[in-house]
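The values are calculated or read from the model by the stated rules, or taken from the named source; none is laboratory data. The model shown is predicted, which means the values in this text are computed figures rather than measured ones. So basically every Cβ, Gly included, is an ideal-geometry build from the backbone, and we count neighbours across all protein chains shown. What goes into the accessible areas is simple: the full protein's heavy atoms, side chains included, and nothing from ligands, DNA or RNA. Shrake-Rupley method; radii C 1.70, N 1.55, O 1.52, S 1.80 Å.
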Amino acid sequence: MKRNLIYMIVLLALVLAACAPAATQQTPASTEAPSVTSGDEATAAPSDSSNRCGDKSKLAKEIYLYTWVEYIDPEIKDMFEAECGVKVVETNFDSNETLLATLQAGGANYDIIVPSDYMVQIMIDEGMLMPLDYSVISNIKNMEKLNVNQYFDPEQKYTVPWFWGTSGFAVDTNVVTDVQDSWSMMFDPNSPYCGKISMLDDERETIGAALMYLGYPINDVDPAHLEEAKNLLIEQSKCVKAYDSQTNDDLIISGETVLAHIWTGDAILASSPDTGGRDGIVYVIPKAGCTIWQDNMAVPVGAPNAYTAMVFMNYTQYPEIAAQNAEWVGYATPNAAAKEFIDPDMLANQGIYPPPEVEAKLQWIEDVGPALELYDRIWTEFKASVGS
């Protein structure tokens with residue numbers, strides 16, 4: 001019996017060795033365009049956990065993730081450490097501009113960063129991102145066609161989609177009874193809710209909201225239009241309690257604000273008692289439209305643990321893991337295969353997954369080229385004027 005058991009163990013070891021993934025070199029990265037599936041074609045079978053760590057002999061003991069606050073379920077980091085032996089050390093930033101400035105200053109050696117769409121374009125142009133190896137990140141195949149080959153990474157060489165969403169506003173209907181799907185809710189100088197409004201502390205988002213209220217596109221580079229937007233923001237500031245991109249959901253939950261310029265996920269979490277929110281908070285996409293954005297995982301040039309970073313990026317995109325993360329964070333997942341594992345009520349929420357007629361009115365924030373200096377000046381003058 002013992003001998004038979006030994007034979008069985010040896011045979012099993014040989015089979016596992018034959019099926020183990022071949023070692024993947026960090027460079028050169030695969031240049032083959034990744035194939036993706038549509039939502040109808042994606043398969044959502046639970047993943048085989050025996051092969052989720054890549055080549056364990058090549059894994060670092062730690063990787064350093066630089067991302068937005070509350071943007072990954074902590075349990076997923078713990079799962080990756082338990083399964084693959086790699087600790088994920090997380091640091092947070094509050095805006096794309098902070099992310100860019102940190103990398104430009106060479107202040108830290110991060111392995112994974114999570115820039116938004118237009119910032120990806122800037123970083124690619126500046127040579128700051130490493131081409132990815134899709135033989136390691138095979139789960140790129142799970143992505144919706146909407147979320148790949150976008151203007152900021154048209155050949156999908158540098159990024160793995162993380163989350164996407166919109167930037168409308170949240171309303172506390174326990175206080176605000178006349179809810180309108182209009183930016184005038186946020187910019188009315190005679191608002192009865194003056195002093196109980198928050199705006200994102202984000203240059204492109206907040207200037208973009210002002211431009212849209214004025215009837216201009218969010219990537220407008222006309223100096224006169226941007227000056228008009230600045231003056232509007234200055235006028236609005238007398239009613240703004242806070243410019244906040246990190247705790248604006250907490251402000252509306254606590255009742256300190258009743259109107260909040262906000263990202264989708266924060267609004268959804270604020271509206272759910274199950275996630276620390278409360279009833280009566282609703283998310284509004286204005287009829288004129290708002291920003292559509294996508295955040296993406298990328299590996300900066302010079303990352304000390306690039307292979308391990310890409311293994312982790314792939315790990316987070318197994319369907320059931322991506323679904324777990326989406327439900328915890330509250331944003332729309334780009335992972336089509338994950339949707340079979342997501343609560344149907346979340347998938348039916350049009351604030352998270354807008355219907356086609358609403359999606360058609362959404363605008364991407366794009367790199368404005370040399371006009372970025374004009375945006376920076378407008379933002380700086382506005383902030384100086386309001387004493388922030």
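Given +1 at the Cβ of Lys and Arg, -1 at the Cβ of Asp and Glu and no other charges, the dipole of the chain around its Cα centre is 1240 debye to the nearest 20. For region 296-388, a crude dipole built from +1 on the beta carbon of Lys and Arg and -1 on the beta carbon of Asp and Glu, taken about the Cα centre, is about 220 debye to the nearest 20.
Testing the spin-label approximation: label points 7 Å from Cα along Cα→Cβ at residue 272 and residue 104. State their distance in nm. So the two model labels end up 3.7 nm from each other.
Taking each residue as 0.36 nm, the span from residue 184 to residue 135 lengthens on full extension beyond its C-alpha to C-alpha distance by 12.8 nm.
Within the chain, the selection of entire DSSP H helices by a Cα span of 18 Å or greater along the long axis and an average Kyte-Doolittle value of at least 0.5 returns 2-19. Take every Cα pair under 8 Å whose residues are at least 6 apart in sequence, average their separation, divide by the length of region 110-240, and the relative contact order is 19 percent.
For the chain, the mean residue ellipticity at 222 nm estimated from helices alone is -10000 deg cm²/dmol, where every DSSP H run of n ≥ 4 contributes -39500 (n - 2.57) and the total is divided by all residues, rounded to the nearest 500.
For region 62-162, the carbon plus sulfur part of the accessible surface works out to 46%, probe radius 1.4 Å. Near residue 167, the amide H atoms lying under 5 Å from its own belong to 291; only residues 5 or more places off or on other chains count, and H is placed 1.01 Å from N.
Accessible surface computed residue by residue for the chain, with neighbouring protein chains in place and a 1.4 Å probe, gives 43 Å² per residue. The H on the amide N of residue 240, modeled in the peptide plane, is under 5 Å from the matching H of 195, each at least 5 residues off or on a different chain. Per atom type, region 184-340 shows carbon and sulfur on 49% of its accessible surface, probed at 1.4 Å. Here the calculated FRET efficiency for residue 214 and residue 78, from their Cβ-Cβ distance with R0 = 45 Å, stands at 0.45, rounded to the nearest 0.05.
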